[in-house]
Amino acid sequence: MLDPRHQFTILRKDRITGRGGGVCALINRSISIVPLSVDSKFAVLEVIGFDFVSVSPVTRLIIIYRPPYYDSLSLLSFLQTN
């Protein structure tokens with residue numbers, strides 16, 4: 001269990017192929033966030049994002065893992081469309 005005391009909002013994107021991998025963010029529950037949705041055409045990417053809405057200006061955080069063997073053009077395409 002990642003958060004036995006329920007102190008965090010947990011966002012995660014597990015790798016859909018192979019073993020291991022993925023990205024995860026644990027955000028203290030006292031901080032208001034809004035998770036971002038990622039288009040299904042990017043399902044193979046290990047990416048999560050969220051907006052901190054309790055700060056001004058609203059701040060967006062995107063977490064991406066790119067394995068060393070991954071095509072960098074796919075990642076660039078994702079960043080240009082969001």
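The values are calculated or read from the model by the stated rules, or taken from the named source; none is laboratory data. This structure is a prediction, so every number in the text was calculated from the model and none was measured. FYI the Cβ positions are ideal-geometry reconstructions off the backbone, even for glycines, and counts take in every protein chain you see.
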* All positions within segment 27-49 that are surrounded by fewer than 13 Cβ atoms within 10 Å (Cβ to Cβ) and under 12 Å from the mean Cα position of the chain (by Cα) -> Val34, Ser37, Ala43
* Asked: If you check every pair at least six apart or on different chains, which have Cβ atoms under 8 Å apart with a residue in segment 42-53 that is part of a strand (DSSP E or B) first and a residue that is buried (at least 16 other Cβ atoms within 10 Å of the Cβ) and among the small types (Gly, Ala, Ser) second?
  -> Ile48/Ala25; Phe50/Ala25
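Determine, yes or no, whether Val38 is part of a loop (DSSP other than H, G, I, E, B) and out of contact with any Ser or Thr (no Cβ under 8 Å at 6 or more places or on another chain). Can you show your working first?
Details: part of a loop (DSSP other than H, G, I, E, B): yes; out of contact with any Ser or Thr (no Cβ under 8 Å at 6 or more places or on another chain): yes.
For Val38, the condition - part of a loop (DSSP other than H, G, I, E, B) and out of contact with any Ser or Thr (no Cβ under 8 Å at 6 or more places or on another chain) - is met.
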* Structure fact -> Residue hits (segment 8-26; without any contact (Cβ under 8 Å) to a residue 40 or more places away in the chain and surrounded by 11 or more Cβ atoms within 10 Å (Cβ to Cβ)) are Phe8, Thr9, Ile10, Leu11, Arg12, Lys13, Arg15, Ile16, Cys24, Ala25, Leu26
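Please enumerate the residues belonging to segment 14-43 that are among the polar types (S, T, N, Q) and under 26 Å from Val58 (Cβ atoms).
So the first thing to find is which residues in segment 14-43 are among the polar types (S, T, N, Q), and the list is 17, 28, 30, 32, 37, 40.
Listed by number, the residues that qualify are Asn28, Ser30, Ser32, Ser37, Ser40.
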* Examine segment 20-33 for a residue that is at pLDDT below 90, among the β-branched types (Val, Ile, Thr) and assigned to a loop (DSSP other than H, G, I, E, B), and state whether such a residue exists. => no
